[in-house]
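The values are calculated or read from the model by the stated rules, or taken from the named source; none is laboratory data. The shown structure was predicted, so the numbers you read here are calculated from the model rather than taken from an experiment. Here the Cβ is made from the backbone with ideal geometry for all residues, glycine too, and neighbour counts use every protein chain on show. Calculation scope for accessible area: heavy atoms of the full protein, side chains included, ligands and nucleic acids excluded. Shrake-Rupley method; radii C 1.70, N 1.55, O 1.52, S 1.80 Å.
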Amino acid sequence: MVLRLPTHLATPGNHCRRHCDAFSSRRAIAASDALVSCLPSLASPCASSSSRRSYFLPVVKCTAQQTGPVNLAPGTPVRPTSILVVGATGTLGRQIVRRALDEGYEVRCLVRPRPAPADFLRDWGAIVVNADLSKPETIPATLVGIHTIIDCATGRPEEPIKTVDWEGKVALIQCAKAMGIQKYIFFSIHNCDKHPEVPLMEIKYCTEKFLKDAGLNHIIIRLCGFMQGLIGQYAVPILEEKSVWGTDAPTRIAYMDTQDIARLTFIALRNENINGKLLTFAGPRAWTTQEVITLCERLAGQDANVTTVPVSVLRFTRQLTRFFEWTNDVADRLAFSEVLTSDTVFSVPMTETYDLLGVDAKDIITLEKYLQDYFTNILKKLKDLKAQSKQSDFFI
């Protein structure tokens, strides 16, 4: 079973500093008139005294070396409406892009080179630039003329977690600092500070602290879960009469529509009183897996073929994959799944956050309404297709 928690869903503090061997990396990046040297001390994963994987925090050391005469006169001011969305093709990222364009922002999207170009972003009106967080030398050019970075990116399932989510984010934050980015919005995971045994959550927590220590004007937003992820996980398999995978754990997750997340993000972006704050966005109610499946069954009008995976199996599989170097990243992701299938509640009261943002709780879509709209639309389309298939055309 694939469990999603924003994604989408870390700050270097004393508890993050482990007695391990670290390796340093020196990269030089060119930006217009100056050569900016960012020297992150990137730590490799290691086992600490508590026998868990951890990471050192990089130290920001940025210097500018002059390459010739410098014009000290004021340059062209960067417009506050110019934003760069990192991770723009993802579940949350594409909603951030749509919302930004609808609200009149000038949107640039950092997208990795790919065989199938992200033409839908261009069709919407965004500018697409090719760069890769795993290749820091490609980052600076994407930041020229940018006021705000909105970071929705996370690594692909087939690549090591630390490549993008740690090393790539360190490089991006350092470049943002060196090039004078005015605001940085980072999406993290709810409760990431409480699960240091899970590499992805540990990295998120350490990245939060690194962003704070970098001195950038920032907002950190922790997320619980995306409603969109439930469509492929439960709704579609039920409609197609395929197996739905679940667990026997009572985990509760307060899923939120990514369109609501995008809307609240831009309200926070424009509120100067929220600068430097950590917010958590959660849906109106926390749901167990079984409750979500039952809701989908009722809306679909048919029973689900549920296959239950005991949490003990996840734990055993995780330990087994630790024995092989090539399965380490699988073990890391299973650790994340194990947390999502434990006796945990991924939710927070939202009253204070709504008051701070000036938002009415009634305007936040519920999971019932979201899934009802989906099933109503999809079942209508299926009914129309079935009716068309029964029709015959006669030609004389």
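Numbers for the structure displayed
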| quantity | calculated |
| --- | --- |
| Whichever residue in region 337-352 is surrounded by fewer than 20 Cβ atoms within 10 Å (Cβ to Cβ) and not in a loop (DSSP other than H, G, I, E, B) and, among such residues, is modelled with the lowest pLDDT | Val345 |
| Residue within region 130-143 that is in contact with a Lys or Arg (Cβ under 6 Å, 6 or more places away or on another chain) and either on the phi > 0 side of the Ramachandran plot or buried (at least 19 other Cβ atoms within 10 Å of the Cβ) (or both) present | yes |
| Where a residue in region 196-209 is closer than 12 Å to Ile220 by Cα and of a type in the set (D, E, K, R) and its partner, wherever it lies, is modelled with pLDDT under 85 and assigned to a helix (DSSP H, G or I), with Cβ under 9 Å and at least six apart | Lys209/Cys16 |
| Helices (runs of 4 or more DSSP H) contained entirely in region 242-327, each with at least 1 residues that are modelled with pLDDT under 70 and surrounded by fewer than 20 Cβ atoms within 10 Å (Cβ to Cβ) | 311-321 |
| Ile364 vs. criteria within 30 Å of Gly301 (Cβ to Cβ) and modelled with pLDDT under 95 | no |
| Filter result (assigned to a loop (DSSP other than H, G, I, E, B), open to solvent by 10 Å² or more (accessible area, probe 1.4 Å), of a type outside the set (A, V, I, L, M) and in contact with a strand residue (DSSP E or B) (Cβ under 7 Å, 6 or more places away or on another chain)) within region 209-232 | Asn217 |
| Subset tally (residues that are of a type outside the set (Asp, Glu) and open to solvent by 10 Å² or more (accessible area, probe 1.4 Å)) for region 88-106 | 10 |
